[in-house]
Amino acid sequence: MTQNTDPMDEHAKAMAEHEKTMNELAETLFQTEHWSEGSWCAWGVQLLRAAELVWNAYYRDEQEFRKRGENVGEAIVSGIKSDDLIYLHQHFIWAMLAGLALENMLKALFIAKIPPPEQKKDKTLDEKLKTHNLIKLAQQVKLPLSSEESELVSNLSKFVEWGGRYPIPTEAQKMRPDQLPRIPAGDIKEKYDLFIRLCKRVSNELKVNLDNLALYRNP
């Protein structure tokens, strides 16, 4: 006597098999991308392109703002009209994108320097990559930083963590005046150029020529 198959059981088995296949596919893709320096580097380059767009818009308005007053500080005090300069306060968005770009490139360099036996096929991100701390990432890849670079990179980390994303951080202490993310004092263009030079140092180690990517064309 033939036993009838319960359609519900067959459906449940099919769904379970589908879930297993999807999970296996996800794990394979995750492991492949996880240890692909090319993927991390490509993500960094795309973020650099986005940062460039924001920078050019911001810097154009910043320069126009300066033309309307002897300097930015006096322009603010004297009430120089700037409602039309809609990108004037986008420096923190640039800093976030710049920090994310550098973060991805440093993680690409980290992966490039790991001997194959240490590349574990985990289902979660490697602990050393679970950070937005650019100083820590630079140390992990043995990238020396000058004091000026360290100050800039430390602040970019804060913009990535929250300063470019949210109005407030997760902890009140991070809003202390000495803890707030900021672009270090000085000519903003000099800090931008410092960032560019740092990115090029990392890209050179990754054997990626940023000069061929049409980046950093300032107005």
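The values are calculated or read from the model by the stated rules, or taken from the named source; none is laboratory data. If you're wondering where the values come from, they're calculated on a predicted model, not measured in any experiment. Note that each Cβ is placed from the backbone with ideal geometry, even for glycine, and that neighbours are counted across all protein chains shown.
For the range 149-187, a residue qualifies if it is assigned to a loop (DSSP other than H, G, I, E, B), under 16 Å from Trp94 (Cβ atoms) and of a type in the set (A, V, I, L, M, F, W, C), and exactly one does: Ile183. Within the range 191-202, being closer than 14 Å to Ala98 by Cβ and either out of contact with any helix residue (DSSP H, G or I) (no Cβ under 6 Å at 6 or more places or on another chain) or of a type outside the set (Phe, Trp, Tyr) (or both) holds for Lys191, Tyr192, Asp193, Leu194, Ile196, Arg197, Leu198, Cys199, Lys200, Val202.
Candidates Phe65, Phe110, Phe92: the one that is at pLDDT below 85, under 30 Å from Glu190 (Cα atoms) and aromatic (Phe, Trp, Tyr) is Phe65.
So that you can scan it fast, the table gives a plain yes or no per residue for (1) over 22 Å from Val208 (Cα atoms); (2) surrounded by 22 or more Cβ atoms within 10 Å (Cβ to Cβ):
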site	(1), (2)
Gln90	yes, no
Leu137	no, yes
Glu151	yes, no
Lys158	yes, yes
Glu161	yes, no
Tyr166	yes, no
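Every condition in (1) at pLDDT below 85; (2) surrounded by 14 or more Cβ atoms within 10 Å (Cβ to Cβ) is met by Gly44 except one, and the failing one is (1). Can you pull out every residue in the range 168-183 that is free of Cβ contacts under 8 Å to residues at least 40 places away in the same chain and either surrounded by 18 or more Cβ atoms within 10 Å (Cβ to Cβ) or not charged (D, E, K, R) (or both)? Correct list: Ile168, Pro169, Thr170, Ala172, Gln173, Met175, Pro177, Gln179, Leu180. Taking the criterion of being part of a helix (DSSP H, G or I), under 15 Å from the mean Cα position of the chain (by Cα) and not aliphatic (A, V, I, L, M), the only residue of the range 133-148 that qualifies is Lys136. Here Asp193 clears all of (1) at pLDDT 85 or above; (2) assigned to a loop (DSSP other than H, G, I, E, B) except the condition numbered (2).
What about Gly186, is it within 13 Å of Gly99 (Cβ to Cβ) and either β-branched (Val, Ile, Thr) or out of contact with any Lys or Arg (no Cβ under 6 Å at 6 or more places or on another chain) (or both)? Answer is no for this residue. You will find that of Ile135, Ile168, the residue that is under 27 Å from Phe65 (Cβ atoms) and not charged (D, E, K, R) is Ile168 and no other.
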